[in-house]
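Written out below as structure tokens is the structure these notes cover.
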Amino acid sequence: MSSSSLYNPFCLSVSSLLLLILIFSGEFPSTAGTFSPDTKAAAARAINRGRRNKQSAEFLLAHNAARGASGASNLKWDQGLARFASKWAKQRKSDCKMTHSGGPYGENIFWYQRSENWSPRRVVEKWMDESLNYDRLTNTCKSGAMCGHYTQIIWRTTTAVGCARSKCDNDRGFLVICEYSPSGNYEGESPFDILK
């Protein structure tokens, strides 16, 4: 661990949170240096919550950078959308298929293998690469190419996003799902149009 990582605000906040859990739970290490199962579970939940919060912030930052580059306004993080994405990702854990939920929101899905490092920023950038296939003047996508992930991200009337990542069973990789509200990608409409 480098000395700079010791002063990382995220590391300090997790450490502080764990210390508070120990103090208020009355669970300190025994003379053998072990913690009770309840304390371990509380600490694990706190660490996972910290990771999810960091991941959420990374997804939101990546989306807003992409939208800013296209002239769209920033999105807000929506915990309800993130829960919906998480529930759907967990339902797909067994087969790891990139199947849309059919829910009421706009939805982007991404799959990757464990051997690759796909940060939230990199996932959003991959979706944004589809902009090369999109013709803004004709509001069309190149034949045989994908554009829908890109157009959903920059859709002008979309105001909120929530994302989740889930590890699939049997080392099949990971699914990343982002939900958008209000949804976009309406047939015949441009992502750049603002309805009056």
Practice task
Consider Gln55 carefully, then state whether it is in contact with a Lys or Arg (Cβ under 8 Å, 6 or more places away or on another chain) and either touching a residue at least 60 places away in the same chain (Cβ under 8 Å) or open to solvent by less than 20 Å² (accessible area, probe 1.4 Å) (or both).
Solution key: yes
Exercise for the section: Would you please list the contacts, defined by Cβ atoms under 9 Å and residues six or more apart or on different chains, that run from a residue in segment 105-130 that is farther than 12 Å from Ile153 by Cα and basic (Lys, Arg) to a residue that is open to solvent by less than 20 Å² (accessible area, probe 1.4 Å) and assigned to a helix (DSSP H, G or I)? Expected result: Arg121/Phe59; Arg121/Ala62; Arg122/Ala62
Practice task
Determine, yes or no, whether Glu179 is under 15 Å from the mean Cα position of the chain (by Cα) and charged (D, E, K, R).
Solution key: yes
Handout entry: Selection from segment 110-124 of residues that are over 17 Å from Ala145 (Cβ atoms) and either open to solvent by 80 Å² or more (accessible area, probe 1.4 Å) or within 12 Å of the chain's Cα centre (by Cα) (or both)
Key = Trp111, Gln113, Arg114, Ser115, Asn117, Trp118, Ser119, Pro120, Arg121, Arg122, Val123, Val124
Fill in the blank from the handout: Counted residues in segment 149-163 being touching a Cys at 6+ places or on another chain (Cβ under 8 Å) and either small (Gly, Ala, Ser) or surrounded by fewer than 21 Cβ atoms within 10 Å (Cβ to Cβ) (or both) come to 1
Handout entry: Residues satisfying the stated conditions in segment 73-93, i.e. touching a Lys or Arg at 6+ places or on another chain (Cβ under 9 Å) and open to solvent by 30 Å² or more (accessible area, probe 1.4 Å)
Key = Ser73, Asn74, Ser86, Lys93
Practice task
Kindly indicate whether any position in segment 77-94 is at pLDDT 95 or above, farther than 24 Å from Ser166 by Cβ and within 17 Å of the chain's Cα centre (by Cα).
Solution key: no
Exercise for the section: Determine whether segment 136-148 contains at least one residue that is closer than 25 Å to Asp78 by Cβ, modelled with pLDDT of 95 or more and either within 18 Å of the chain's Cα centre (by Cα) or crowded, with 21+ Cβ neighbours inside 10 Å (or both). Expected result: yes
Fill in the blank from the handout: Expected output for segment 163-191 (first residue within 14 Å of Lys87 (Cβ to Cβ) and modelled with pLDDT under 95, partner part of a helix (DSSP H, G or I) and of a type in the set (Ser, Thr, Tyr), Cβ below 9 Å, 6+ apart or cross-chain) is Arg165/Ser86; Ser166/Ser86
Exercise for the section: Determine if segment 34-42 includes at least one residue that is of a type in the set (A, V, I, L, M) and at pLDDT 60 or above. Expected result: yes
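The values are calculated or read from the model by the stated rules, or taken from the named source; none is laboratory data. Just so it is clear, the model here is predicted, and its values are computed rather than measured. All Cβ positions, even for glycine, are placed from backbone atoms using ideal geometry, and neighbour counts span all protein chains on display. Each accessible area value is taken on the protein alone, full model and side chains, heavy atoms only, with ligands, DNA and RNA left out. Shrake-Rupley method; radii C 1.70, N 1.55, O 1.52, S 1.80 Å.
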